[in-house]
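Participant: Could you have a look at this structure, given as structure tokens, before my questions?
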Amino acid sequence: MDNVLAIIGEYNPFHNGHLYHVNEAKKLFHANYTIALITGNFVQRGSSSIVDKWTKAKMALLNGFDLVLELPCIYSISSAENFATRSNKNT
């Protein structure tokens, strides 16, 4: 059976620390496929992203992700506490 790793992030912009995190997580979980769930043009707490969502997706794909999905704006603009509360209600 294949292992799929999913990572939620902003990647605003994608940098070497993100690359290290992705590569280490792939090794740790023996991932065959990696999905990035990233924020769009707005990031946590409603700030504008310095990198547009298309560029962020391209950077993620060029750095080892197999699939990039956009985190819905209602989650990406939330505070960490609100995000955690919403996430727990959906499980």
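Participant: Scan the range 15-54 residue by residue and report those that are in contact (Cβ under 8 Å) with a residue 24 or more places away in the chain and touching a Ser or Thr at 6+ places or on another chain (Cβ under 9 Å).
Facilitator: Taking the range 15-54 as the starting set, the residues that turn out to be in contact (Cβ under 8 Å) with a residue 24 or more places away in the chain are 18-19, 22-23, 26, 29-40, 42-46, 49-51.
Result: VAL22, LYS26, ILE38, THR39, GLY40, PHE42, VAL43, GLN44, ARG45, GLY46, SER49.
Participant: Of everything in the range 1-42, what is of a type in the set (Gly, Ala, Ser) and more than 14 Å from the chain's Cα centre (by Cα)? Give them in sequence order.
Facilitator: So in the range 1-42, the residues of a type in the set (Gly, Ala, Ser) come out as 6, 9, 17, 25, 31, 36, 40.
Result: ALA31, single match.
Only the coordinates and a few stated rules stand behind these numbers; no lab work does. The model shown is predicted, which means the values in this text are computed figures rather than measured ones. Please note: Cβ atoms are built from the backbone with ideal geometry, for glycine as well, and neighbour counts cover all protein chains shown.
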